[in-house]
Every structure is written in C-alpha cells, then in structure tokens.
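The values are calculated or read from the model by the stated rules, or taken from the named source; none is laboratory data. From a predicted model like this one, the values you see are computed outputs, not experimental measurements. Every residue, glycine as well, gets a Cβ built from its backbone with ideal geometry; the counts of neighbours run over all protein chains shown. The accessibility values were calculated without ligands, DNA or RNA, using every heavy atom of the protein model including side chains. Shrake-Rupley method; radii C 1.70, N 1.55, O 1.52, S 1.80 Å.
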Protein chains: 2
Amino acid sequence: MAMCERTCIHQDVVEAVRERMPPDARLDDVAELFKVFGDTTRIKIVSALFESEMCVCDIACLLQMSQSAISHQLRVLKQAGLVKYVRQGKTVYYSLNDDHIKRIFDQGYSHVTEE
Amino acid sequence: MAMCERTCIHQDVVEAVRERMPPDARLDDVAELFKVFGDTTRIKIVSALFESEMCVCDIACLLQMSQSAISHQLRVLKQAGLVKYVRQGKTVYYSLNDDHIKRIFDQGYSHVTEE
DNA sequence: TAAATATATGAATGTGTGTTCATATATAGA
DNA sequence: TCTATATATGAACACACATTCATATATTTA
C-alpha cells in the first residue's frame with residue numbers, strides 16, 4: 001500500500017500551492033470551457049464562424065456532416081455561451097458571441113503550429 | 001429528407017470560408033490540445049504546476065486523489081508534450097514544459113471569470 | 001539481499017459523449 | 001390549407017475515457 005496517499009512528502013510545498021491555486025469551482029469552469037473546444041467538429045464550427053456568420057445548412061455542407069450532428073453541436077456551443085443566433089425566415093444564422101473566443105483559439109492554434 | 005444536406009444554401013459563402021479555414025489536420029490538433037485541458041483533474045494538475053514543480057505523491061495529496069489516477073493523467077499530459085519530469089531517487093518531479101501553457105490557461109481562465 | 005516506498009501500468013468498470021435515426025417544430029410558398 | 005424546406009430534439013448506439021484495483025518496476029535503506 002502506498003504511503004503517499006495518506007501523507008504528503010513535502011507538506012510545505014503542498015500547502016503553499018494549495019493557497020495560491022484558484023478555487024476548485026473556477027477550475028471546473030475552465031475545464032468545462034476547454035472541453036467545449038476539445039472536439040473536432042466544434043472547433044471546426046468555431047473556426048468557420050471566425051470567417052463569417054453561417055446557417056446550419058451551410059455549416060453541414062462545409063463540414064460534410066449531417067444537419068442533425070451540426071445542430072446538436074451548435075446547441076453545445078450555445079449552452080456554453082460561445083455562439084448566438086438570429087432567425088431569418090426558415091434559416092437560422094449562427095455567429096460567435098465575442099472575440100475572446102478568437103484569442104483562446106489563437107493561443108491553442110499557435111501552440112500546435114509552433115512545433 | 002433535408003435538402004440542405006446535399007446542397008449548400010450560400011455556395012459562395014461556403015467556398016470563401018473553406019478557402020480561408022486552416023487545414024483539417026491542424027484543427028484536429030487544436031481540438032486534441034484543448035481536450036487535454038478539458039478535464040478537471042488535468043487542469044488542476046496544470047494549475048498546481050504553475051506554482052511549483054511537484055512529485056506525483058504531493059499532487060495526489062493536494063488533489064485528494066489516488067496516486068494511480070494522478071499518474072495516469074500525468075501520462076496524458078506528458079504525451080501531449082505539456083509536462084516534463086526529472087527523477088530524483090524514488091521520487092519523480094513534474095513541471096510544465098513551457099510557458100505557452102500558461103497563456104492558454106489564462107485565456108480560458110479570464111473568460112470564465114469575466115462573466 | 002530483503003523490505004519499504006514512489007511511481008508506472010494493464011485490465012476492468014462505469015460514465016460521458018458524438019453521431020445517427022426518426023420525428024417534431026417553424027416558416028415560406030403554392 | 002397543404003407541401004416543401006430549415007432547424008431542433010429525443011432516443012439509441014457505439015465508442016472514448018477517467019478512475020479503481022491489482023500488480024509491476026525502480027530506488028533507497030536496513
């Protein structure tokens with residue numbers, strides 16, 4: 001049985017880190033946010049919306065995926081507060097909610113390209 | 001049956017967006033990276049390592065989780081190239097690989113706090 | 001060399017999630 | 001009002017994944 005599951009090795013370090021870390025709830029929110037970006041389909045939708053607002057139909061066409069799959073993922077993006085939409089007759093146009101999203105994406109993008 | 005799964009509504013928009021979007025492989029990499037950040041345990045480990053390098057034992061102690069669970073997640077972080085480690089006797093000290101990680105985290109963090 | 005400790009890892013399990021399929025809803029036009 | 005089209009959504013299914021459990025490996029110390 002492992003000793004270290006009950007006792008820390010460096011109590012002082014652990015205490016210091018614990019005090020300086022953000023509260024758990026905050027970190028959970030951060031993970032939740034990144035999780036939304038952590039899907040191929042969703043990141044492609046976001047990437048597309050950087051260029052132009054788009055209707056569901058066109059996104060499905062662009063990504064060669066079913067309309068249903070796109071709708072479901074747009075729902076996730078909407079619930080995360082990343083996209084907004086405007087209805088115009090039969091079609092619904094989606095766009096990004098703010099440009100902070102672009103900054104988050106760019107940081108990730110530059111990380112994978114700088115290698 | 002939906003018409004829009006075969007035909008785009010705005011061909012011109014779709015074409016323009018397609019041309020300006022990054023290649024699929026790149027976007028897959030970006031999603032993969034964000035997915036690593038998109039887990040509560042991993043984001044807490046990363047957040048802890050911002051403060052100090054730490055051994056597996058202390059991380060487990062800090063997060064009140066099993067040593068095994070932490071080891072498994074450190075493996076994921078290592079495979080993603082986010083952490084490095086140094087062995088010192090029986091203990092292994094993990095630390096962040098570069099400070100780009102901090103910038104990515106900060107963007108996500110400020111997004112969830114600015115609400 | 002034997003015992004203790006820190007870490008790593010494979011298998012199993014339960015849970016989460018993305019897509020599909022079928023269908024419902026909403027709007028426009030005939 | 002009936003039909004066509006664009007979108008939304010619930011259920012089902014397959015797959016991914018995080019943790020646990022048992023155990024292996026590595027290193028130190030007695």
Please note which helices (runs of 4 or more DSSP H) are completely contained in the stretch A:14-115 and include at least 3 residues that are among the small types (Gly, Ala, Ser).
-> A:67-79
Does B:Tyr94 meet the test of being aromatic (Phe, Trp, Tyr), out of contact with any Phe, Trp or Tyr (no Cβ under 6 Å at 6 or more places or on another chain) and surrounded by 13 or more Cβ atoms within 10 Å (Cβ to Cβ)?
-> no
Kindly check whether there is at least one residue in the stretch A:100-112 that is surrounded by fewer than 22 Cβ atoms within 10 Å (Cβ to Cβ), modelled with pLDDT under 95 and within 9 Å of chain B (Cβ to nearest Cβ).
-> yes
Do you know which residues across the stretch B:60-76 are crowded, with 19+ Cβ neighbours inside 10 Å and either within 11 Å of DNA strand D (Cβ to nearest atom) or farther than 17 Å from A:His10 by Cβ (or both)?
-> B:Ala60, B:Leu63, B:Ile70, B:Gln73, B:Leu74
Could you say whether any residue in the stretch B:48-59 is open to solvent by less than 30 Å² (accessible area, probe 1.4 Å), at the interface with chain A (Cβ under 9 Å from one of its Cβ atoms) and among the aromatic types (Phe, Trp, Tyr)?
-> no
Breaking point among (1) more than 26 Å from B:Ser68 (Cβ to Cβ); (2) in contact with a Gly (Cβ under 8 Å, 6 or more places away or on another chain); (3) within 16 Å of DNA strand D (Cβ to nearest atom), for A:Ile104 = (3)
How many residues, within the stretch B:36-47, are open to solvent by 10 Å² or more (accessible area, probe 1.4 Å), within 7 Å of chain A (Cβ to nearest Cβ) and among the hydroxyl-bearing types (Ser, Thr, Tyr)?
-> 1
Boolean, B:Leu33 is open to solvent by less than 20 Å² (accessible area, probe 1.4 Å) and at pLDDT 95 or above = yes
Can you work out which of the residues in the stretch B:62-109 that are over 16 Å from the mean Cα position of the chain (by Cα) and more than 9 Å from DNA strand C (Cβ to nearest atom) is nearest to A:Asp99 (Cα to Cα)?
-> B:Leu63
Mind telling me which of the residues A:Ser47, A:Ser110 ends up being within 26 Å of B:Thr113 (Cα to Cα) and touching a Pro at 6+ places or on another chain (Cβ under 7 Å)?
-> A:Ser47
Within the stretch A:77-88, which residues are open to solvent by 50 Å² or more (accessible area, probe 1.4 Å) and either more than 8 Å from DNA strand D (Cβ to nearest atom) or not aromatic (Phe, Trp, Tyr) (or both)?
-> A:Lys78, A:Gln79, A:Lys84, A:Val86, A:Arg87, A:Gln88
What residue, of A:Glu15, A:Glu32, is more than 7 Å from chain B (Cβ to nearest Cβ) and either under 20 Å from B:Glu53 (Cα atoms) or hydrophobic (A, V, I, L, M, F, W, C) (or both)?
-> A:Glu15
